[in-house]
Amino acid sequence: MSPLRSAALLGFIKSLIAGSALPSFNEKSAKQYCLLIRTRGGLNYAVPLLYYELRRIIVLMKNNDFPGIEDIVETIREPLLVLDANLNILSANRSFYNIFKVEQGKTIGHLIFDVGNKQWDIPALRTLLEDILPTHKRFDNYEVEHSFPTIGHKTMLLNACQVYRKDVGTQMILLAIEDISERKKVEKALEANEAKNGELVENANSIILRMDPKGKVTFFNEFAQMFFGYTEEEMLGCSVVGTILPETESSGHDLDFMIKDIGIHPEKYINNENENMRRNGERVWVAWTNKAIRDGNGKVIEILCIGNDITEHRRLESLLEESEERYRRLFETANDGILLLEKHEGKITHANPAATEMLGYSKEECIGKKLQNIGVSLDMGDFQKIMQTLDRNGIIYYDDVPVKTKSGQYIDTDIYMVDRARLAQCNIRDVTERKKVEEALRKKERELEIKTHNLEEANIALKVLLKRRDEDKTEFEDKILLNIKELVVPYLEKLKIGRLDEQQKAHVNILESNLNDITSLFSHRLSSKHINFTPSEIQIANLLRQGKTNKEIGELLNLSERTIAFHRGNIRRKLGLKNKKTNLKSYLLAFS
C-alpha cells in the first residue's frame, strides 16, 4: 500500500467505530487524514486517501452481524489485533505477522507485551492500554516510536477502541497499527522541497482531476490519463459526463444529476463511490474523495476529485456477499444440526434451527456453552489438541455418538467437525431412524439365514427320499424279474416241450417274447409320449422285430393282412420312416 493510502486508514477506523461522519478537510484535518500539498501558486490541496477499504468490515464487526468477519479482516493490509480484557491476543491478521516478523503460535493467547521476545513491551503502549483506554474507551492516532530488534526503527500510529461482542459475551479491544515511517520520510521530503509537490501530484498512483461546478475538466493527471485512456488535452474543457462517466450507472443511478448536484452541494459528496467508464466503453468502479475549493466569498469555483480504482474490490465484495448469503441460507436451512465453536475453549457461538430442534435447547441456551454441556458425549478434554488435528486434516469424523437431549431422550448421531478459519463447524446428524432400519435389516438377514438353512436341510431330506424311491423302484423291478424267471418262465419251458399244435407253439413263443419285452425297455420306449404307440401297434411292432410277416401276424392276432399293413404304415410314420427305404425290422431291433 502506498504512503498516501496508509496515511489515513486508521483514522477512518476511528470515525467508523464512533459512528460519526468524517471531518471536513481543513488544514488541520488534512494533516491527520490527508497529504497536504501546497502548489507554487500558494493554494493548499488536501489529497484524501482510500476510506472504503474498512468501512463495511468495521461496521459489521461493530454490529456483530454474522460469523466470519475476522476472516474478512484477514485481508486488510494494515496490522490489526483483537485483544481480550486482559490484553491477551485473541486474533491477529496476516499483515501483523508479516510486518513485525512474529510467529502465530507465539502470538495468539499471549499477553501483547510478551510477544516477540517482549519487543512490544513499549512504555507508551502500556500507558495507553492500561491507563488511558479503560477510562476513555478509545484513543486515536497516538504516535509511538520504537526500535524493534528484527525490523529496526518504526514510527506508528495506534488507534484502539473497546468493542463488546455479543457472541463471545465479553469486552474486546480492537487495536489498529499504522506504520507511518515512510510517510514521515515523505512529509520531511515535502517540507524540504515544496517545488516537487506538483510532480508528486502528477505522478501519484491515484486519479486526480479538477473540474468546475458544471463538471468540465480543468486538470487531469497522468495516472487519470492512463486509467481512462484520454489525454489531458482531450479532457480539458470537456464534461466528465459522456467521457469518464456514463449518464446513468448500470443500476439506473442518474450520474448526470449527481455531477450537477456536486457543484451545488459538494458537502454531500465528500466520499462517493460510483460507476465510471473508460474510453473503450469498459465500466469500472472508482472511490472518489471530493473537495470543494471556494473563493473569498465562499463560492465554489472548483472541485478537487481524487479517485482510486475499486473495481476488483467491488467484484470480490459482491462474491463475498453472495458467499455469505449462500452460507447463511445453508446454515439456516440445513437438515443437520450445525454448531459454530470458537477455537480457544470450544464454546458455542451460533446454533442453527435444526440443532436447536434436535437438542431441545434454544439458541440462547446454546450460546456460550460447550458441547458436553448440551448433551453431546464427545471427549473434548484437550480441545487445543483437537483443534490442531482439525487444522492439519480439515475435518474430523465421529460415528455412533449418543446425544442426550434437553428432555432426557437419547438419540444416535454421527458428528463431524470442519475447519472454518476463525471458527470450527460442528455438524450433528441424527441417525436414530437409520440405526433402527439397519437393525431391522440385520434381523431380516438372520431370519433369512435360518430359512435358508431349513430349506437346505429340506433339500437334503428330499434328495434322500428320491434316492430311496429310486432304490425301491429298482428293488421292485428286480422282484418282478425274479418272479417272472422263477414263477412263469419254467412253466413256459414245460409248455414248449409239450404236445402243442403249431398255432399253440406260436402263441407260446409270442408269450415268451412279450415277457422278455416286459422286462426290457423296448415297450416302454414305444409307449412313451414322444412316440405314443397304441397297444395294438406295440404288439405288432414286437412281432415285426421278431421277423414275422404281415400274414403271420394276422393269423396270430386274428386280423387281416390289410389291417396289419395299415398298422405297419402308422408305425413307420410315428418313427419318422415314412417315404424312407429304412428296413423296419432292423430299425426296431436297433431301437430296442
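Here are a few things to note about the model shown:
- Strands (runs of 3 or more DSSP E) wholly inside region 35-154 containing at least 1 residues that are at pLDDT 80 or above and open to solvent by less than 60 Å² (accessible area, probe 1.4 Å): 80-84, 89-92, 138-148
- Selection from region 187-244 of residues that are assigned to a helix (DSSP H, G or I), buried (at least 16 other Cβ atoms within 10 Å of the Cβ) and modelled with pLDDT of 90 or more: Phe223, Ala224, Gln225, Phe227, Phe228, Met235
- Residues of region 245-254 classified as open to solvent by less than 40 Å² (accessible area, probe 1.4 Å), under 24 Å from Glu233 (Cβ atoms) and not in a strand (DSSP E or B), total: 1
- Residue in region 392-404 that is under 29 Å from Arg94 (Cα atoms), open to solvent by 40 Å² or more (accessible area, probe 1.4 Å), under 22 Å from the mean Cα position of the chain (by Cα) and among the acidic types (Asp, Glu) present: no
- Figure legend. Inter-residue proximity from region 83-99: first residues aromatic (Phe, Trp, Tyr), second residues part of a strand (DSSP E or B), beta-carbon distance below 7 Å, spacing 6+ or different chains. Indicated pairs: Phe96/Leu80; Phe96/Leu81.
- Lone qualifier among Met380, Met387, Met358 - being out of contact with any strand residue (DSSP E or B) (no Cβ under 9 Å at 6 or more places or on another chain), open to solvent by less than 80 Å² (accessible area, probe 1.4 Å), touching a residue at least 12 places away in the same chain (Cβ under 8 Å) and more than 30 Å from Glu273 (Cα to Cα): Met380
- Residue check for Asp295: at pLDDT below 90 and either buried (at least 17 other Cβ atoms within 10 Å of the Cβ) or among the charged types (D, E, K, R) (or both): yes
- Residue pairs meeting the criteria (Cβ under 8 Å; at least 6 apart or on separate chains; first in contact (Cβ under 8 Å) with a residue 12 or more places away in the chain, in region 575-589; second among the hydroxyl-bearing types (Ser, Thr, Tyr)): Leu575/Tyr587
- Sole exception among (1) in contact with a Pro (Cβ under 7 Å, 6 or more places away or on another chain); (2) without any contact (Cβ under 8 Å) to a residue 40 or more places away in the chain for His350, by number: (2)
- Looking across region 269-299 at every residue that is in contact (Cβ under 8 Å) with a residue 40 or more places away in the chain and outside any strand (DSSP E or B), the one that is nearest to Thr248 (Cα to Cα) is identified as Arg278.
- Matching residues, region 304-341, being open to solvent by 40 Å² or more (accessible area, probe 1.4 Å), within 18 Å of Met417 (Cα to Cα) and assigned to a strand (DSSP E or B): none
- Taken over region 345-385, residues that are among the aliphatic types (A, V, I, L, M), at pLDDT 90 or above and not in a strand (DSSP E or B) amount to 7.
- Yes/no for Lys444 being closer than 25 Å to Asn335 by Cα, open to solvent by 60 Å² or more (accessible area, probe 1.4 Å) and modelled with pLDDT of 90 or more: no
- Filter result (within 48 Å of the chain's Cα centre (by Cα), open to solvent by 50 Å² or more (accessible area, probe 1.4 Å) and under 19 Å from Thr218 (Cα atoms)) within region 257-290: Arg278, Arg279
- Test: residue in region 541-558 that is modelled with pLDDT under 65, buried (at least 18 other Cβ atoms within 10 Å of the Cβ) and farther than 15 Å from Tyr587 by Cβ: no
- Filtered residue count, region 402-439, keeping only those that are under 18 Å from Leu340 (Cβ atoms) and either of a type outside the set (Ser, Thr, Tyr) or in contact with a helix residue (DSSP H, G or I) (Cβ under 9 Å, 6 or more places away or on another chain) (or both): 16
- Cβ-Cβ under 8 Å pairs, at least 6 apart or on other chains, region 437-454 side within 25 Å of Asp412 (Cβ to Cβ), far side modelled with pLDDT of 90 or more and open to solvent by 90 Å² or more (accessible area, probe 1.4 Å): none
The values are calculated or read from the model by the stated rules, or taken from the named source; none is laboratory data. These numbers come from a predicted model, not from an experiment. All Cβ positions, even for glycine, are placed from backbone atoms using ideal geometry, and neighbour counts span all protein chains on display. Calculation scope for accessible area: heavy atoms of the full protein, side chains included, ligands and nucleic acids excluded. Shrake-Rupley method; radii C 1.70, N 1.55, O 1.52, S 1.80 Å.
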